[in-house]
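First up is the structure itself, then whatever we jot down about it.
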Amino acid sequence: MTKLLPQIKSPADLQTLSDEQLQNLTQEIRDELVRVMTARPAHFASNLGVVELCLALHLTYDFSKDRLIWDTGHQVYPHKLVTGRYDQFHTIRTRGGLMGFPHPGESPYDLFMTGHAGCSVSTASGLKAGDDLLGHTENQSVAVIGDGALPSGIVFEALNNIGGMGQNVLVILNDNKMSICPRTGGLADYLDTCRMTGFYQGGKRRLNQMLNAIPVVGSMAQSALEHCRDGLKAFFKDGMLFEELGFRYFGPIDGHDLPGMRRMLANLKTQKGPLLLHVFTNKGHGVAQAAEDPVTYHTPPVFEEVGPNRHVVAFRKGGAKGYTDSISFALHEAMQNDPKVAVITAAMCQGNKLEKVREDFPDRFFDVGICESHAVAFAAGMAKSGMRPVVDIYSTFLQRSFDQIFQEVCLQNLPVVFTMDRAGLTGPDGPTHHGVFDIPYMRLFPNMVSMAPGDETDVAPMLNFALKHNTPTSLRYPKTSLEKVERTNPPTPIELGKAEVISTGEDGCFIAFGTLLSNCVAAAKKLKAEGLNVGVINARFVKPLDKDTILKAIEGSPVVVTVEEGTIEGGFGSAVLEAANAAGGAERTARGGRSERRQAGGRDPSASCRRSARRVTKIRARAPASGRKTAQAPPASRKKTSLALGLGSVL
């Protein structure tokens, strides 16, 4: 039988398919999702669960002019497959290939890069407002939001505003009882009340049909019937939360019944005002193992072997332990040793590998859902009471709590510890998930201590230091394998604002902030073989900066190269340049980030050191003699050299 999926060049092609062909297409899409998983890790269970919903939407609306926002965007794979990207789908989550989230640069059907949860309802509302003001009132606006993203504060801000405006917006609540891990909180309990027995649902449908058949005479009878309807909805509970916010609530309906969803959406398309459609889906639908264990199959390892009926026979063996493992282990030890230590995360228990913490210390582990602002303010309250809270969140997601870090933690000078996973480039997850902005914004906050381990040796001592320190502290670490740097002497203890000198050299110095320390050590070794003796410093702290050690290196070296995984502007290199400029030594400092190959998942210290060697040689030839002060030089004569090893040109 000829495959259907390769023939779908645009959503318009779906209209030519029969009901039977559409059912076959749902299976082809799931087969394609499995095929991708045999090549590389990708978001899996969430995409299996929205296949029918995706097709129903594209069969009902014309999203070449209507508006569609997926939230969160990792469930967008079926959407990509039916919007003209099947031929490129094998490249998803690879360098130069399709992004694993919506990307406006790929297709006009992708309106926003929705890599962070909760913003779909706001943006869909804004799109509708803009279309109306520009005279395109016929355009429909649809937001698909998962129940895991629903508790985000911005969602209720948007629902409240849309309800107040009476705006023509459809919000589809994709309820699969999951975020990455099972959803938590009172709102999750409320949604569970909507998951009723078939008898109960059937009785409600028959009652609705009876009420709809009652003739209405005059406004008084109409009003009485509406009050009767509202009273019955309150009795049945489901939907009243949204009705009170000004939305007309429909559902729940089966999200895997494609004909039923098409009928419902066709009806809703003719309705006016704020609408909310509650859709039940099963995360992992179509692959039995994924449906039974959607947490593991959210982003599982590569499939080594797949049997009949999409049965996953074996995973590809994983690599070495990473910094996430090391932090998780250190947190567990800290909680064993100190009953005041508590861990707070925002729907990232699995991603941050906190399962053992959750199991062994359930009374001191708090998963607040996708509510980062609440997580930080909650931690501030705990710290004020005398606890030692650790907020363990990806760097990119912690940005969502910027104001709470400032107002509730730093202004109050409370001892909250921020452990920021995925700091730096995150490779296949793309620009929505790069954790490259935390160094600049953590530097801004009063009372904040900001640090990064140079290697595995620093991790546990750095966390223990943070838990004993009496001001806010932040610790950033990347998604990469653990490494240990060779030291000729035992590692120096972690002290506030103190760097560690790994080696010294009269020809220059690398100063690394974070786990690129190993690259610097490798580069220094290669340079030594080429006749250049370059030292290496493990900075450990960006705030407070170890000015004594760093300025001594600048004063005594022809060139100093700062190396970090973050933005050039406002980052560690900027902190060093600020200190050097104040001391009059900025002209011999260059900056670098992780090499371009790191974005593709590899490290290439040899390439880095070749570039460094050429740069060092050039600067050395024109630099002042080692140790010669430059503070007397007029500002106009000071030159800031630049050594960007790939990162600066990317961001």
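The values are calculated or read from the model by the stated rules, or taken from the named source; none is laboratory data. What you see is a predicted model; the values in this text were computed from it and never measured. Virtual Cβ from ideal backbone geometry, glycine too; neighbours counted across all protein chains shown. Surface areas here come from the heavy atoms of the whole protein model, side chains and all, with no ligands, DNA or RNA. Shrake-Rupley method; radii C 1.70, N 1.55, O 1.52, S 1.80 Å.
Brief remarks on what is shown
- Built amide H within the under 5 Å cut-off of ALA342, gap 5+: ARG388, VAL390
- 3J(HN,Hα) along the stretch 475-482, derived from phi through the Karplus expression 6.51 cos²θ - 1.76 cosθ + 1.60 where θ = phi - 60°, amounts to 9, 10, 8, x, 8, 7, 6, 5 Hz, with x in place of Gly and Pro.
- Sequence-distant residues sharing a close amide H with ALA347 (under 5 Å, placed H): VAL368, GLY369
- Accessible area ranking (1.4 Å probe, heavy atoms, ligands and nucleic acids excluded), largest first, for TYR77, TYR86: TYR86, TYR77.
- With the convex hull constructed from alpha-carbon coordinates only, the stretch 246-398 shows a mean projected area of 13.5 nm² over all directions.
- Amide H contacts under 5 Å for VAL169, placed H, 5+ residues apart: GLY273, LEU275
- For the stretch 1-76, the fraction of 1.4 Å probe accessible surface lying on carbon and sulfur atoms is 49 percent.
- Charged-residue dipole, Cβ positions (Lys, Arg, Asp, Glu), the stretch 444-545 about Cα centre, Debye nearest 20: 260
- The stretch 241-284, dipole about Cα centre (Lys/Arg Cβ +1, Asp/Glu Cβ -1), debye to the nearest 20: 220
- Dipole magnitude of the stretch 392-458 about its Cα centre (Cβ charges: Lys, Arg +1; Asp, Glu -1), debye to nearest 20: 260
- Looking at the stretch 1-68, the pairs of alpha carbons with a distance over 20 Å make up 33% of the total.
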